[in-house]
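Worksheet for the structure shown next.
The values are calculated or read from the model by the stated rules, or taken from the named source; none is laboratory data. This is a predicted model, so every value here is computed, not measured. All Cβ positions, glycine included, derive from the backbone under ideal geometry; neighbour counts span all protein chains shown. Only protein heavy atoms, including side chains, enter the accessible area calculation; ligands, DNA and RNA are left aside. Shrake-Rupley method; radii C 1.70, N 1.55, O 1.52, S 1.80 Å.
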Amino acid sequence: MALLEIKTAGDPVLKQICAPVEKIDKRFRNFLDDMYETMKSSDGVGIAAPQVGVLLRVCVVDVDGKNRYDMINPVITFREGSAVDNEGCLSCPNLFGDVERAEKIRVEYTNRFGKKKSLDADGLLARCIQHELDHLDGKLFIDIAKNITKGRRKNDEA
Ligand code: CO
């Protein structure tokens, strides 16, 4: 496995719409493991492919250190409620801000073995998934956050 370079805000790669993943093979699974390792080494809870310069619709999420989700071509098919909480992002070092997101979601995706999955999520997991899916459409949390502060860490980063 290898650590990948994390792109930071200002890099145009973070503003692109990502393309669907069409081929899931061993090489691609190795890339997922590199994303995971890169996320963990930066104390992140989620990472999306464009953050390491790859314009494909895939993200890796692990908010509790126990449940890792590799989400390929993820789509949110249900949203309910709204909640505001403080977020950070591996691509926006030392910036934090309050973001309103759906409180509960259902996300459908393909896993690393090509199997279709559906996941109902709430709390930090739902927030993190919404944050990562925004990355796949070229959106950063600092574009939608309120009360942005510098250098004050209140939550985990994605
Ligand atoms: Co992020």
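Below is a table of values for the structure above.
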| quantity | calculated |
| --- | --- |
| Options S118, S91: the member that is within 23 Å of I17 (Cβ to Cβ) and either out of contact with any helix residue (DSSP H, G or I) (no Cβ under 7 Å at 6 or more places or on another chain) or assigned to a loop (DSSP other than H, G, I, E, B) (or both) | S91 |
| Qualifying position, being within 16 Å of the ligand (Cβ to nearest atom), open to solvent by 20 Å² or more (accessible area, probe 1.4 Å), touching a residue at least 24 places away in the same chain (Cβ under 8 Å) and in a strand (DSSP E or B), among I148, I142 | I148 |
| Meets criteria (open to solvent by 50 Å² or more (accessible area, probe 1.4 Å), in a strand (DSSP E or B) and of a type in the set (D, E)) for D85 | yes |
| Residue count for the range 27-63, restricted to those that are open to solvent by 30 Å² or more (accessible area, probe 1.4 Å) and either under 18 Å from L119 (Cβ atoms) or in contact with a Cys (Cβ under 9 Å, 6 or more places away or on another chain) (or both) | 6 |
| Residue in the range 93-104 that is within 14 Å of the ligand (Cβ to nearest atom), of a type in the set (V, I, T) and open to solvent by less than 40 Å² (accessible area, probe 1.4 Å) present | yes |
| Test: K40 is in a loop (DSSP other than H, G, I, E, B) and either among the acidic types (D, E) or over 11 Å from the mean Cα position of the chain (by Cα) (or both) | no |
